[in-house]
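None of the figures in this text is laboratory data; all of them are computed from the coordinates on show. Quick caveat: nothing in here was measured; it's all calculated off a predicted structure. Counting neighbours? That spans all protein chains shown, and the Cβs are built from the backbone with ideal geometry, glycine included.
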Amino acid sequence: MPCLPSIKTTIKQLDNMVNETKEELSQKQLYNFNKLQKRLRHAAGKAIADFNMIEDGDRVMVCMSGGKDSYALLEILQSLKRSAPVDFELIPVHLNGMFPKYPEGIVENYLKGTGLEYHVIKENIHDIIIDKIPDGKNICSLCSRLRRGILYRTARELGITKIALGHHADDILATFFLNLFYAGKLKSMPPKLLTDDGDNIVIRPLAYCREKDLIRLAEIRNYPILSKDICSLGENKMRKEIEEMIRNWDRQYHGRSEIMFKALKDICLSHLLDTTKYDFNLKAERKSED
């Protein structure tokens, strides 16, 4: 009769196998996380360098909306600051628009843990919107303008030299198609912008970062993300439709969004139709044949 292993031995062997699998999995997860961090750091660092976003002595206001992108922006900038060839300050600023469902303290508690100088601004944006926009109308444009004005004013008060926003490559591409389809313009989000009043410079260090990477980072870090349900006044349906269109293209044609984004960096004005941007008064100069 063959000798069979005891139940205790079998259980012990299974436990060892499970522990080995967990260790291998955790090592793989750590490896992938390190790759993710390096990819995001590289993309943000390249955007900062390409557009000269941050210079020595800058006081950079990091706009903290409470969404995944703003948390990632702050973390990536903190990481880059440790090895940057220039010295700059990071000042996170969170704007509480006093919406009824706003959860007090969530973003502020996170900012306390960073050890950075931070500011939480309270402005009753909600009531202004209710007063100005009829029921059922889209409020995103007015809300954006109000927030922008408050942040620009705060930047002046704090002696800020650069205002950093968390828009990423997918936002930039979606904005391009929004302008193309609904405004008839070849225009997107600039990675670096001087405001109309000339007082502030806005930068987007995540301009080369993909949203899928930022989503993964947020999942791993478990950021205290504010729910989108805070605003019950509506959403930008046109942007949502554009974003879904791009995702569908990517599902059908792998890598299409990367190709489209690349096109934004390779513009040929002579092959478009804007006479204000390119001089079409061309003259041929033929050499005479001797």
Taking Y253 as the residue in question, decide whether it is surrounded by fewer than 13 Cβ atoms within 10 Å (Cβ to Cβ), more than 30 Å from F33 (Cβ to Cβ) and of a type in the set (F, W, Y).
-> no
Which one of these does D266 not meet: (1) among the charged types (D, E, K, R); (2) touching a residue at least 12 places away in the same chain (Cβ under 8 Å); (3) out of contact with any Lys or Arg (no Cβ under 9 Å at 6 or more places or on another chain)?
-> (2)
Within the set of pairs 6 or more residues apart or between chains, which connect a residue that is more than 16 Å from H168 (Cα to Cα) inside the range 246-261 to a residue that is surrounded by 13 or more Cβ atoms within 10 Å (Cβ to Cβ) and aliphatic (A, V, I, L, M) with Cβ atoms less than 9 Å apart?
-> W249/M260; R256/I246
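Residues checked against (1) surrounded by fewer than 18 Cβ atoms within 10 Å (Cβ to Cβ); (2) of a type in the set (G, A, S):
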residue: A164; (1), (2): no, yes
residue: H167; (1), (2): no, no
residue: D171; (1), (2): no, no
residue: P191; (1), (2): no, no
residue: L194; (1), (2): yes, no
residue: D213; (1), (2): no, no
residue: I220; (1), (2): yes, no
residue: L226; (1), (2): no, no
Selection from the range 235-283 of residues among the charged types (D, E, K, R) and part of a helix (DSSP H, G or I) yields K237, R239, K240, E241, E243, E244, R247, D250, R251, R256, E258, K262
Filter the range 167-221 down to the residues that are among the basic types (K, R) and in a loop (DSSP other than H, G, I, E, B), then identify the one that is farthest from K46 (Cα to Cα).
-> K185
When the range 75-87 is examined, which residues are found to be surrounded by 14 or more Cβ atoms within 10 Å (Cβ to Cβ) and over 18 Å from G166 (Cα atoms)?
-> A84
Exclusive hit being closer than 20 Å to H94 by Cβ, surrounded by fewer than 18 Cβ atoms within 10 Å (Cβ to Cβ) and among the aliphatic types (A, V, I, L, M), set L158, L151 = L158
Note: among I76, I106, just one is in contact (Cβ under 8 Å) with a residue 60 or more places away in the chain, more than 18 Å from R204 (Cα to Cα) and among the aliphatic types (A, V, I, L, M), namely I106
Near pairs, Cβ below 7 angstrom, 6+ apart or cross-chain, from the range 50-62 (in contact (Cβ under 8 Å) with a residue 60 or more places away in the chain) to any residue that is assigned to a strand (DSSP E or B) and of a type in the set (D, E) = R59/E89; V60/E89
